[in-house]
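Here is the structure we will look at.
What follows is calculated from the coordinates using simple rules that are stated; it is not laboratory data. Remember, it's a predicted structure, so these values are computed and weren't measured experimentally.
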Amino acid sequence: MASDERAPDPRPARTRAAIYAAARELSAADGEVTVNALAKRAGVSRAAFYSHFGGLDDLIGAMVHELLDGIRVETVALFHQGRSVQEIVQYSAAVTSAYVVEHHAFLRGAIDWKFTQRPYMGLVRIYAELFEYAFQVLGDEVPSHLPQREMSRFLAGGYIHVIAAWLLDTEEKALAGEELDPRELLTILLRVLPPWFTGVGPEDPIPEVPVRVDDEPGPTAAPTA
């Protein structure tokens, strides 16, 4: 018997993908990030943009949440492959660093937006959940005096602040068209996190952690310490 059900309309998915692509393709020369500018670059109307996102803060939140969801899936897979927590932390920091460089103009512009506290706390919460899960797996390797939930929140907030500060510190280089090196940010992130968490001591070199930078974060090869 023939079904009366219609196939899903592909247009909303195409519109959302076009907006994401427009945000990713922004360069330092594009100037201020606005809804109008993004909609025009995406080839959609302003009304179409707002049918998917409540505003720019909603868009940046959706993009970063998508990144973090991808990292979460990949880290679980790496853990089941027998990778250590420290290797997984290195991988997560490398993916984040590559993503920040790839989306530098968009993320830098987002710093100037008038975010409410809720989107920021949402980002902190997701990173904190990743850190707290790692603490649980590490077990006795975590110093016993540390309250793990509060420590995870503390590290997550500092992690995000360091990334935002690096975006501003490298703004002039980006505007001058200089190529930015994700390993510069990776080095900072792995140095500020505790060595028992990263597996990178004060005198240790920053390991090579190959990543694939595209719509869906994933390793090109397993992280190596």
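Here are some notes:
- Gyration tensor (alpha-carbon) shape descriptor, region 26-183, a/c threshold 1.5: prolate
- Amide H partners (placed H, <5 Å) of Gly55, local residues excluded: none
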